[in-house]
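Here's the structure, in structure tokens; my notes come after.
The values are calculated or read from the model by the stated rules, or taken from the named source; none is laboratory data. Model, not experiment: these values are computed from the prediction. Please note: Cβ atoms are built from the backbone with ideal geometry, for glycine as well, and neighbour counts cover all protein chains shown.
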Amino acid sequence: MKKLILAVMAIGMLSTANAQKETKYAKLYYKDIKIETNEVTITVDNAVSTEGETKFKLKITNKTSDFLILKPEECKFMIDGKEMKPTEKWKIIEPNGDNFVTVNLKGAYNGVKNYSFLLDGLYKVPAAEKGIATPDYKLPVNKNEFKTGNYTVKLNKLYKESDATNLKLDITYNGDKMGIVFPDKAGVVMPNGNEYASVKSGGLLAKSGPVLFTKKGQTESVTLNWDRMEGGKTMDMQKVDMMVKFNDMFTEANLEKMKAETLSFEFDQATSDAKGK
């Protein structure tokens, strides 16, 4: 009798296991992931697999004063013994900021309950490099284009009136490293001999902060601004010569690859039962 009961229990357990194994989910959900290091916080949420794809939101919080670059094509999925690479575009994470990318792999993966993702394409771009020595730039201008290091700088527009001066420059990086331009480091020397820092552009669409050049031949526009200055005619920006000092505005740096991290995706039974069937 005892043996019979045990046999019945075993059959029941096997039947239950087979039923669970055969459960087909339209959407398979995974648990959230968080990895913390001294330099970054990596979080993953909304991870789901369907008959057409597996995808998740990958967020990287930068805890350093340097730029970070994520090259998704250097990462890889490891699913059922196979390796596959994502194809998303590069992402830039600003110093002490964050950014995210939705990583997406096409294919039927709603039967894969566990897999790994190797985050192996994260780089640091040191922002503390010494600036490239650049000659001062006279306003009104006597030349519309100049070169400094691996940069070509062209004058796009100049507004020079009593109430304000705006200098718009089209900057092209021609080097093989990463270029970083810091507009806020530029200043202008007035006839009184003092240097005045540039001010941030106004407006919702105005760019602020450093500008990163990730590839050779990339061109970006940068605007340097100065507001009306006190001092009467001797400080009237429309009437007097102004000398722009670029200081350490133009820099470049080598990429430093960061330690790879493995993200382990685990099946979320409760969420899949509630939302995935």
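Annotations for the structure displayed:
- Selection of first residues in the stretch 63-90 that are touching a residue at least 40 places away in the same chain (Cβ under 8 Å) and of second residues that are among the acidic types (D, E) and surrounded by fewer than 15 Cβ atoms within 10 Å (Cβ to Cβ), restricted to Cβ pairs under 8 Å at least 6 apart or on distinct chains, gives the following pairs, ordered by first then second residue: K76/E83; F77/E83.
- Neighbours by Cβ (under 7 Å, 6+ apart or cross-chain): first from the stretch 108-129, assigned to a strand (DSSP E or B); second modelled with pLDDT under 90 and of a type in the set (V, I, T): none
- Within the stretch 177-198, residues that are surrounded by fewer than 18 Cβ atoms within 10 Å (Cβ to Cβ) have Cβ atoms under 8 Å from residues that are aliphatic (A, V, I, L, M) and assigned to a helix (DSSP H, G or I) in these pairs: P191/M235; N192/M235, counting only partners at least 6 apart in sequence or on another chain.
- Taken over the stretch 49-103, residues that are more than 16 Å from A260 (Cα to Cα), assigned to a loop (DSSP other than H, G, I, E, B) and over 16 Å from the mean Cα position of the chain (by Cα) amount to 5.
- A253 vs. criteria closer than 19 Å to D176 by Cα, modelled with pLDDT under 95 and of a type in the set (A, V, I, L, M, F, W, C): yes
- When the test is whether a residue is closer than 30 Å to G121 by Cα and either in contact with a strand residue (DSSP E or B) (Cβ under 9 Å, 6 or more places away or on another chain) or in contact (Cβ under 8 Å) with a residue 60 or more places away in the chain (or both), M258 passes it.
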